[in-house]
Amino acid sequence: MKALLIYPEFPDTFWSFRYALKFIHRKASSPPLGLLTIAAMLPEAWEKRLVDMNVERLYDDDLKWADLVFISAMSVQKESVKEVIARCKAAEVGIVAGGPLFTTEYEAFGTVDHLVLNEAEITLPRFLKDFENCVAGHFYTTDQWADMRKTPVPLWGLINMKRYASINIQYSRGCPFNCEFCDITLLCGRTPRTKDKDQIIMELESVYASGFRGQVFFVDDNFIGNKKKLKEEILPAIIEWMDMRKHPFTFNTQASIELSDHKDLMEMMVRAGFDVVFIGIETPHEQSLAECSKFQNKNRDLLASVRNIQKSGLEVQGGFIVGFDNDPPTIFDTQIEFIQKSGVVTAMVGILNALPRTKLYERLKKEQRLLKETSGNNTDFSTNFIPVMDYDLLINGYKKVLGTLYSPRHYYERVRTFLREYAPSQKKLFHFRFNYLAAFIRSIIVLGIIGKERFHYWRLLLWTMLKRPRLIPQAVTLSIYGFHFRKIFEKRLG
């Protein structure tokens with residue numbers, strides 16, 4: 001049996017880093033972890049190929065070779081998914097589909113031969129058994145949650161690691177919080193489930209053995225969901241392994257804001273090699289936080305929380321949202337002011353959209369406010385429901401936020417605010433200097449000579465050399481990120 005695993009193409013988005021990746025000669029930010037894990041669950045005797053359409057083309061010969069195609073995708077890949085399905089149908093090859101897009105929007109994909117939904121550790125074996133017995137059905141689902149201790153190591157041998165800026169692994173699934181707009185608890189549950197420390201070390205060792213060195217992203221939606229296990233088992237094991245292997249990786253992940261309340265946990269994460277954490281801040285407006293059940297962010301000084309995390313040695317990347325029912329007309333200026341003061345350089349600001357089957361989606365459906373399905377891209381200047389705020393005011397205010405935050409002046413001011421308080425580990429800085437000299441040289445040409453941000457670029461470098469010389473690599477990295485963000489939003493703003 002020949003299995004072809006296909007990862008559809010992403011459009012240009014905030015997180016695609018398309019323009020930044022060119023500086024380090026990489027094709028994509030990270031590989032398709034889900035499909036690589038699925039590949040490890042397929043029968044060992046099967047021949048397997050993986051085509052990530054973000055780094056290579058899908059050829060007709062690939063489809064002719066395959067006996068069965070496996071597709072996984074997120075909502076933002078929807079358009080590419082439709083094209084892949086059409087090509088598979090034309091090639092008369094069977095399709096097995098799963099992952100977040102198909103699990104939440106399976107009704108839209110009735111032409112797919114086999115929908116293997118929810119968590120593959122449970123549903124894929126059922127499909128494979130039926131397939132072997134020539135009685136494979138159309139629909140496989142479950143209301144159970146998988147035991148992650150049984151999840152295999154991804155088959156890294158199916159990809160070329162050199163095409164990716166970072167490699168991703170997963171330690172846990174699930175989030176103890178239940179924000180109205182979020183689909184994580186729908187897909188992964190509210191009780192964090194984890195792998196054990198031996199699994200994590202085995203996965204790190206497998207990435208190390210592949211020859212990859214650089215950034216590893218823990219894709220957990222809330223890495224600190226089980227703080228006790230992190231502090232007592234996982235982080236000590238990672239620290240020991242990283243010391244033994246001479247720190248080949250840096251780590252980034254996602255967490256909730258109460259990380260700032262746990263100094264010991266932040267210190268351990270930095271010792272283990274973590275240097276970046278994405279946090280869903282959403283909004284500084286208390287009524288909007290209450291509206292979306294973001295209770296973990298309420299009744300706290302969000303600015304102080306962000307600064308506390310960044311002073312620990314963890315750069316905060318932030319998610320922000322406008323378009324809540326309780327947002328006042330002043331929310332756009334409030335968001336700009338907060339983000340500038342916080343020093344959250346990588347600030348992803350999106351318009352609220354209702355993801356299928358979330359609590360927000362069901363509420364808006366009852367209120368007869370839904371207009372269409374979401375594109376999955378919350379930075380595409382649209383919303384899929386009727387907002388309380390005047391629609392034109394919302395869109396124009398959102399454009400103002402992006403136009404301000406990613407203008408060279410405001411962006412580079414934010415970088416300096418961040419660098420004043422940030423204190424990364426020495427080990428990370430050495431690794432950066434060794435691997436990114438070419439990116440620095442290219443940044444001088446693209447940003448320092450050609451780009452419209454050249455005045456701000458040189459001013460930042462001079463300021464960093466005088467005030468925080470150890471952080472020059474970080475200043476260059478964030479300058480390159482800023483170039484990508486500005487290009488993405490300028491393209492959208494016209």
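Bear in mind that the values in this text are calculations on the coordinates, not laboratory data. Since the model is a prediction, treat every value here as computed from it, not as a measurement. Note that we place each Cβ from the backbone using ideal geometry, even for glycine, and neighbour counts take in every protein chain shown.
Taking label positions 7 Å along the Cα-Cβ direction at both A90 and W458, the computed distance is 5.2 nm, reported to one decimal.
Relative to the longest principal axis of the Cα atoms of the chain, the long axis of helix 331-342 makes an angle of roughly 70 degrees.
Helix 78-90 and the longest principal axis of the C-alpha atoms of the chain enclose an angle of approximately 20°. Legend: calculated FRET efficiency, A423 to K365, from the Cβ-Cβ distance at R0 = 60 Å, rounded to 0.05, equals 0.80. Taking 20 Å as the straight-line reach from the Cα of K400, the aspartates and glutamates in range (excluding those fewer than 8 positions away in the same chain) are E282, D325, D327, D333, E337, D380, D390, D392, E413, E453, E490. Rounded to the nearest 500, the helix-only mean residue ellipticity at 222 nm of the chain stands at -12500 deg cm²/dmol, with each DSSP H run of n ≥ 4 adding -39,500 (n - 2.57). Which one, F109, S80, T13, projects farthest toward the positive side of the charge dipole computed for region 2-140 from Cβ point charges (K/R +1, D/E -1)? The residue sitting farthest along the positive end of the dipole is T13. Could you please state, rounded to a whole Å, how far the C-alpha centre of region 295-355 is from the C-alpha centre of region 195-225? Centre-to-centre (Cα) distance: 28 Å.
For region 78-135, the gyration tensor built on C-alpha atoms gives an oblate shape. Its axis ratio a/c (a ≥ b ≥ c) is at least 1.5, and a/b is not larger than b/c.
Take every DSSP beta bridge with both residues inside the chain and express the antiparallel ones as a percent of the total, to the nearest 5. Percent antiparallel among DSSP bridges in the chain is about 5. How large is log10 I(q)/I(0) at q = 0.11, 0.12, 0.19 Å⁻¹ when the Debye formula is applied to the Cα atoms of region 23-155, each weighted equally and without solvent? Evaluating at q = 0.11, 0.12, 0.19 Å⁻¹ gives log10 I(q)/I(0) of -0.39, -0.47, -1.24. Residues whose amide H comes within less than 5 Å of that of Q215, counting only those at least five positions distant or on another chain, are I167, T250 (H built at 1.01 Å from N in the peptide plane). Sites listed here are GluC sites (Glu not before Pro) in region 87-147 whose DSSP assignment is loop and whose Cβ has at most 12 other Cβ atoms within 10 Å: E92.
For region 1-105, chymotrypsin sites (Phe, Trp or Tyr not before Pro) are listed when DSSP marks them as loop and at most 11 other Cβ atoms sit within 10 Å of their Cβ; the list is Y59.
Cysteines of the chain lacking any other cysteine Cβ under 4.7 Å from their own Cβ: C88, C134, C175, C188, C292.
Picking from V349, Y361, Q335, whose Cα lies most toward the positive end of the charge dipole for region 320-399 (charges on Cβ: Lys, Arg +1; Asp, Glu -1)? The residue sitting farthest along the positive end of the dipole is Y361. Per-residue 3J(HN,Hα) values for region 265-277, derived from phi via the Karplus relation 6.51 cos²θ - 1.76 cosθ + 1.60 with θ = phi - 60°, read 5, 4, 4, 5, 4, 5, 4, 6, x, 6, 9, 9, 9 Hz in sequence order (x marks Gly and Pro).
If you plug the beta carbon distance of A304 and D130 into 1/(1 + (r/R0)^6) with R0 = 60 Å, you get a FRET efficiency near 0.65. Taking label points 7 Å from Cα along the Cα-to-Cβ direction, I444 and R163 give a separation of 3.2 nm. Here region 121-165 is treated with +1 on each Lys and Arg Cβ and -1 on each Asp and Glu Cβ, and its dipole about the Cα centre works out to around 320 debye. Rounded to the nearest 10 degrees, the angle from helix 391-405 to the longest Cα principal axis of the chain is 60 degrees.
Report the full-extension gain for the segment D143 to K399: residue separation times 0.36 nm, less the Cα-Cα distance, to one decimal in nm.
88.1 nm
For M53, the residues whose modelled amide H falls within less than 5 Å of its own, excluding neighbours fewer than 5 places apart on the same chain, are Y7.
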